[in-house]
Amino acid sequence: MTDHPARAGRAAPSRRDLMRMAGLSALGLGPAGCGRGFGGGGGGGGDGVQLTMVWWGDVERAKKTQAALAIFQKQNPGVTVKTEFQDSGPYKDKLATRFAAGDPPDLMAMRTDSLREYADRGALLDLTQHKDAVDVSALSEGARSLAAVDGKSYGIPAGLNSVAFVVNKAVTDKYGVKIPDGDTWSWEDLAAFGRAVTKASGKKVYGVNFETFNVGYLDVFIRQRGEDFYTAQGALGVTEGSITAWFEMIQRMRADGGFPPAGFIEDVGTSPEQSYQAKGLIAATIIPTNTFLVNNKACGGNLVMLRMPGETQGERRGQSIGCPHLWSIAAASKHPNEALKLLNFLINDTEGAKTTGTTRGVPSNSQVADAIKPRLERDDQVATDFLIDLQKEKLPPSYLHPPGSTKIVANLKTVAAEVEYKRRTPAQAAQAIIADGRKALGE
Amino acid sequence: MTGTTAGPALVAGPAAQTPPPAPPAKRRQDRAGYLFLLPWFVGMLFTVIPFFASLYLAFTDYNLLTPPRWTGLANFREMLGDPLLHQALKVTFIYTFVSVPLSLAAALGVAMLLSRGVRGLPVYRAVFYLPSLLGGSVAIVLLWKYIFGLDGIVNGLLGWFGIEGPAWTADPDHALTTLIVLHIWTFGSPMVIFLAGLRQIPVMYYEAAAIDGASRWRRFRSITLPLLSPIIFFNLIQSLISSFQTFTQGFVMSNGTGGPANSTLFYNLYLYQKGFSQFDMGYASAMAWMLLVIIAAFTALNFLAAKYWVHYDN
Amino acid sequence: MPAPPYEQDNFIERIGGTRRTRFTKHVLLCLTGAVMLYPLAWLVSSSVKPALLIFKDLSLWPAEWDLGNYSDGWNALGQPFSVYLVNSLIIVVLGIVGNLVSCSLAAYGFARLRFTGRKLFFTLMLGTMMLPGHVLLVPQYIVFAKLGWLNTYYPLLVPHFLATNAFYIFLMVQFMRALPQELDDAARIDGCGPFRTFWKVIMPLCLPAFATTAIFTFISVWNEFFGPLLYLTDDELYTVPLALRQFIDSEGQAHWGEMFAMSFLSLAPVIGFFIAGQKYLVKGIATTGLK
């Protein structure tokens, strides 16, 4: 680690800086402070087109995106891109408010589970009408249809991802537990693995933990049973039997020690540093593949990536290709042509993608993905290979969440907690999820 | 804009009933009063438009993206049969009626201790006020989870007494308790107001009481309490309103879900979920106006009761 | 810090109890104080820990030091952190001025003047405290957008100058109503109009209420998140809370250490203001005396 106390001296605010700061604030009342923030700045650059583009993420992602946009603006003189980003919670609120006030951004990052809330109400541009402006020929069929609603398309994946198991090898080595073969393991193997770790460590480390309410994880299990959580038409496709089986499986794992007891895991947020795996309390968990690098860093580089269990035993494959971010264009955009041009750049420009890397998942254009791979950090390469390999296989598609699904997601989380604390049996939980789900979707 | 149609008609209400010509002294009083309130009147324009916009939206189906559609009382009818709304009311009522009295008692108690010229008073005052500065920040909420975790400090302390504590924040039976404790812990704001109020009480009253040989309890009962009563009343009303509207702590603590198992689903948190996550701003607006009615009812009750215990000097 | 020698403090302390009760009082206060201070101590200690240790090692004394959090955090975002601090300070200072002026005027009107419609307006004012703010966000945004105020500080400042925060009006009303009515009567006999009475008699006696208002405004404006989030789009106009949120994102490597370091830095002005302002909390009738 590079924690030299001396380093602080160089860049930290000096006393003079602080003095200047204090002075400035005093001037805030005087003429010098007026201007910035008081409507003084001339808006927009004259005759050129100004696009607004928004996404969620942290400052790292913003720096990478800005670098790509610099390339775009050099290629397209006269077009400036005004950007804004927040973390995902506030992002969602501000986006909704801007749409409500008739002031939407031109190009925006969109989640697959809220896309239809916007698209079904005509707020987004149908991209199938603009096939010549945005080239999607280098996207796999699965990637192309990720944002399709009734033959129309309202977004293009900014990147692709899937879910995977990650096992901390340092833990399994320490306690002498063998990591199962990730290509062929079953859910029973997972349970046995969890049991073995917990037992060998004397409950210092629990074998397995994952969010039992996560639709993405549950969906893998369900697809392996031949169902879809949501069907292509946006109806509820899952049966009570499958949800019951999911919760019963978890309850069994909890009972025999492989899964931590109720209340052991606090809901402290999902940042890698806070994860129970990084804290060394859990051996194996599920993550979205695009977070492998940061998770591995937090775990000291000891993570091994495995496919989801049950892929070779089920009725069909359960894993599918998803995407953490879509790019969408507002139907009310005043500059749709420039926005489409920018979208095309973001999807297909290799130079641009080299600067953004895999911050939004593996680029959906597979040629771009191949081209940037050598430049990636090793862990990102591992995740990229995992996804490139998956895309070559025949996987079931993943369908968009219908409007009303936010309620189902919230309900799933509630019910999962009730099962954890034995307020409901798995069968009662399944019944509640299906009944409330039907109501939420207006079925 | 949506609300403007409903707005003016209702605003015009009070102004329309202009009283008959008043005597000059009265008119002078009026003029002075309105002058003092001038900024407030202008400000009401900013407040009133959104206010009545939301009142209108309460009677519509509004998803933020397409224009609102008038549905009459449909939202209110739906509220009657919404189990989550009932849960939210239950959580909010429990929270309010437990944490408001406790935090006010703590605030008044500590303020009394501190007002008695303790050595190092400014330091104590700052220290007690700190939690209110930190209150709803993400960092503190995270820490709170660790303190109340299965292996946290609280359970460690309970362990000394042989008690095996639960996972306070993860267990649906206890999560609300930790939020109540968090609220009481931020008693600094009402305390500051009490301290300021105690300073308004003329010392001569205490001097006179001391000469009469009144006991401490007597002095508290017959000097402090009545003279502080307007401030106690303020803190009471203010705490009631703000805890009925609790949002941030519940939001940050549960990542916006109101979990575990809806045990911390505050009314305002559910309202926010409806409006911004589920795109049902019509329903959220109806919920908002129902909360306004509930709060107004409790406030009115308090104003009625205040006649019997709040002492004003006029 | 030597406490100012208030004569009446000594007097009250004398009637406040014996030596033993005073000792137990201090022990009690110190214990409570420790509980109150713990989170701040944790925040400070987290700000000098390497990111990976923050959640692994919850002890207050860091096993490993990383002061780099401060220098890295200062320069990590789109602007140096000083920009956000200055922006927040500008808004806070103007917000305090606005609140003090507009709310004290309104409060005096409500508390001391008998004008037609007083009760009705007072009820209306209280009513504005009771509606949950979330349903007002969208209509307010539309109003400010129509005024062309997006991406400026006006939506964050103008309301303060127009007494839109009923909390402070109500607070001052209660303080003013607690003052003896003879004050006004005496002033009127001396020939003072309402403005003179307000300025010369009531204002000086309400210093604690003003200090409370200033402190509370400082804290609430300094910490406000939703307003700046909605109304500001340029990075260079951002306030401290907006900036702090840019350190964390669930999909990236959250910069917890830097976030804690900057959080602590941004707490310093608030704590400083409280300590500076609190001496006015005690300047009531009790200290100025009542003739």
Quiz item: Name the pairs: first residue in the range B:71-91 and under 14 Å from A:D436 (Cβ atoms), second residue open to solvent by 60 Å² or more (accessible area, probe 1.4 Å) and not acidic (D, E), Cβ to Cβ under 7 Å, at least 6 apart or on different chains?
Solution: none
Exercise. Determine whether the range B:80-88 contains at least one residue that is assigned to a helix (DSSP H, G or I), in the same structural domain as B:L195 (by TED's automatic domain parsing) and under 25 Å from C:T32 (Cβ atoms).
Key: no
Quiz item: Looking at B:A106, is it under 22 Å from the mean Cα position of the chain (by Cα) and open to solvent by 20 Å² or more (accessible area, probe 1.4 Å)?
Solution: yes
Quiz prompt | Within the range C:159-276, helices (runs of 4 or more DSSP H) holding 1 or more residues that are among the charged types (D, E, K, R), free of Cβ contacts under 8 Å to residues at least 60 places away in the same chain and buried (at least 18 other Cβ atoms within 10 Å of the Cβ) | solution = C:240-245
Quiz item: Got at least one residue in the range B:166-183 being closer than 30 Å to C:G272 by Cα and within 14 Å of chain A (Cβ to nearest Cβ)?
Solution: yes
Quiz item: How many of the residues making up the range A:77-99 are in contact (Cβ under 8 Å) with a residue 40 or more places away in the chain and either out of contact with any helix residue (DSSP H, G or I) (no Cβ under 8 Å at 6 or more places or on another chain) or open to solvent by 30 Å² or more (accessible area, probe 1.4 Å) (or both)?
Solution: 1
Self-check item: Neighbours by Cβ (under 6 Å, 6+ apart or cross-chain): first from the range C:74-95, closer than 14 Å to C:F218 by Cβ; second surrounded by fewer than 18 Cβ atoms within 10 Å (Cβ to Cβ)
Solution: none
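Would you be able to tell me the number of residues in the range C:61-111 that are within 11 Å of chain B (Cβ to nearest Cβ) and open to solvent by 10 Å² or more (accessible area, probe 1.4 Å)?
Just the residues of the range C:61-111 that are within 11 Å of chain B (Cβ to nearest Cβ), to begin with: C:98-99, C:101-111.
Filter once more, keeping what is open to solvent by 10 Å² or more (accessible area, probe 1.4 Å): C:101, C:105.
Residues flagged as within 11 Å of chain B (Cβ to nearest Cβ) and open to solvent by 10 Å² or more (accessible area, probe 1.4 Å) within the range C:61-111 amount to 2.
Take the conditions in contact with an Asp or Glu (Cβ under 8 Å, 6 or more places away or on another chain) and either at pLDDT 90 or above or among the hydroxyl-bearing types (S, T, Y) (or both) and apply them to A:Q381. Does it pass? Step through it out loud before you land on a result.
On the way: in contact with an Asp or Glu (Cβ under 8 Å, 6 or more places away or on another chain): no; either at pLDDT 90 or above or among the hydroxyl-bearing types (S, T, Y) (or both): yes.
When the stated conditions are applied, A:Q381 does not pass them.
Every residue in the range C:138-156 that is outside any helix (DSSP H, G or I) and not hydrophobic (A, V, I, L, M, F, W, C), please.
Keep residues of the range C:138-156 that are outside any helix (DSSP H, G or I), which gives C:147-153.
Answer for the range C:138-156, where residues must be outside any helix (DSSP H, G or I) and not hydrophobic (A, V, I, L, M, F, W, C): C:G148, C:N151, C:T152, C:Y153.
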Quiz prompt | The lone exception for A:G226 - which of (1) open to solvent by less than 10 Å² (accessible area, probe 1.4 Å); (2) in contact with an Asp or Glu (Cβ under 6 Å, 6 or more places away or on another chain) it fails | solution = (1)
Quiz item: What single numbered condition from (1) in the same structural domain as A:E311 (by TED's automatic domain parsing); (2) of a type in the set (A, V, I, L, M); (3) touching a residue at least 60 places away in the same chain (Cβ under 8 Å) fails to hold for A:A435?
Solution: (3)
Quiz prompt | Members of the range A:235-280 found to be over 27 Å from A:V171 (Cα atoms), out of contact with any Ser or Thr (no Cβ under 6 Å at 6 or more places or on another chain) and in a loop (DSSP other than H, G, I, E, B), listed by number | solution = A:A235, A:V238, A:T239
Quiz item: Of (1) closer than 19 Å to A:T289 by Cα; (2) of a type in the set (G, A, S); (3) open to solvent by 30 Å² or more (accessible area, probe 1.4 Å), A:G159 satisfies all except one. Which?
Solution: (3)
Quiz item: Going by the conditions given, is B:S189 in a helix (DSSP H, G or I) and either surrounded by fewer than 21 Cβ atoms within 10 Å (Cβ to Cβ) or more than 10 Å from chain C (Cβ to nearest Cβ) (or both)?
Solution: no
Quiz item: Can you tell me which of A:R424, A:R438 is at pLDDT 90 or above, closer than 30 Å to A:E117 by Cβ and facing chain B (nearest Cβ under 10 Å)?
Solution: A:R424
Practice problem: List every residue pair whose Cβ atoms sit under 7 Å apart, with the two residues 6 or more apart in sequence or on different chains, where the first one lies in the range A:398-412 and is under 16 Å from A:L326 (Cβ atoms) and the second, anywhere, is of a type in the set (S, T, N, Q) and open to solvent by less than 40 Å² (accessible area, probe 1.4 Å). | Solution: A:S398/A:S320; A:Y399/A:T231; A:L400/A:T112; A:H401/A:T112
Practice problem: Can you give me the number of residues within the range C:112-128 that are facing chain B (nearest Cβ under 8 Å), open to solvent by less than 30 Å² (accessible area, probe 1.4 Å) and of a type in the set (D, E, K, R)? | Solution: 0
Quiz prompt | Sole residue being at positive phi, free of Cβ contacts under 8 Å to residues at least 24 places away in the same chain and in the same structural domain as A:V368 (by TED's automatic domain parsing), chosen from A:G102, A:G151 | solution = A:G151
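Scanning the range A:46-64 for residues that are open to solvent by less than 60 Å² (accessible area, probe 1.4 Å) and not hydrophobic (A, V, I, L, M, F, W, C), which turns out modelled with the highest pLDDT? Working first, answer last.
Kept after step one, since they are open to solvent by less than 60 Å² (accessible area, probe 1.4 Å), are these residues of the range A:46-64: A:48-49, A:51-59, A:61-62.
If we keep only those that are not hydrophobic (A, V, I, L, M, F, W, C) too, we end up with A:48, A:52, A:57-58, A:61.
Details: A:G48: 86, A:T52: 96, A:G57: 89, A:D58: 86, A:R61: 91.
Among those residues, the one meeting the criterion is A:T52.
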Practice problem: Hey, could you check the range B:151-184 for residues that are more than 28 Å from the chain's Cα centre (by Cα) and among the charged types (D, E, K, R) and say which is surrounded by the most Cβ atoms within 10 Å (Cβ to Cβ)? | Solution: B:D151
Quiz item: So which helices (runs of 4 or more DSSP H) are wholly in the range B:212-314 and hold at least 1 residues that are open to solvent by less than 30 Å² (accessible area, probe 1.4 Å), of a type outside the set (V, I, T) and under 30 Å from A:E211 (Cβ atoms)?
Solution: B:248-253, B:267-272, B:281-309
Quiz item: Restricting attention to the range C:129-158, which residues are open to solvent by less than 30 Å² (accessible area, probe 1.4 Å) and of a type in the set (S, T, N, Q)?
Solution: C:T152
Quiz item: Only one of (1) more than 21 Å from A:K297 (Cβ to Cβ); (2) open to solvent by 50 Å² or more (accessible area, probe 1.4 Å); (3) touching a residue at least 40 places away in the same chain (Cβ under 8 Å) fails for C:Y38. Which number is that?
Solution: (3)
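Kindly indicate whether any position in the range B:195-205 is within 12 Å of chain C (Cβ to nearest Cβ) and touching a Cys at 6+ places or on another chain (Cβ under 9 Å). Even if it seems obvious, please write down each step before you answer.
Initial filter on the range B:195-205 (within 12 Å of chain C (Cβ to nearest Cβ)): B:195-205.
From the residues that got through so far, the ones that are touching a Cys at 6+ places or on another chain (Cβ under 9 Å) too are B:200.
Looking for residues that are within 12 Å of chain C (Cβ to nearest Cβ) and touching a Cys at 6+ places or on another chain (Cβ under 9 Å), one finds at least one in the range B:195-205, hence yes.
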Practice problem: Would you point out which residue out of A:T285, A:T198, A:T231 is over 26 Å from B:G152 (Cβ atoms), out of contact with any Leu (no Cβ under 8 Å at 6 or more places or on another chain) and not hydrophobic (A, V, I, L, M, F, W, C)? | Solution: A:T231
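Just to be sure I understand, how many residues within the range C:24-39 are within 11 Å of chain B (Cβ to nearest Cβ) and over 16 Å from B:M191 (Cβ atoms)?
At the first step, the residues of the range C:24-39 found to be within 11 Å of chain B (Cβ to nearest Cβ) are C:24-26, C:28-30, C:32-39.
Now drop any that are not over 16 Å from B:M191 (Cβ atoms), which leaves C:24, C:26, C:30, C:34, C:38-39.
Total satisfying the criteria: 6.
B:F194: in contact (Cβ under 8 Å) with a residue 60 or more places away in the chain, touching a helix residue (DSSP H, G or I) at 6+ places or on another chain (Cβ under 9 Å) and of a type in the set (A, V, I, L, M, F, W, C), yes or no?
Details: in contact (Cβ under 8 Å) with a residue 60 or more places away in the chain: yes; touching a helix residue (DSSP H, G or I) at 6+ places or on another chain (Cβ under 9 Å): yes; of a type in the set (A, V, I, L, M, F, W, C): yes.
Criteria met by B:F194.
The values are calculated or read from the model by the stated rules, or taken from the named source; none is laboratory data. Not measured: the values here are computed from a predicted model. Reconstructed Cβ throughout: ideal geometry from the backbone, glycine too, with neighbour counts over all protein chains shown. Accessible surface is based on the protein model in full, side chains and every heavy atom, while ligands, DNA and RNA are left aside. Shrake-Rupley method; radii C 1.70, N 1.55, O 1.52, S 1.80 Å.
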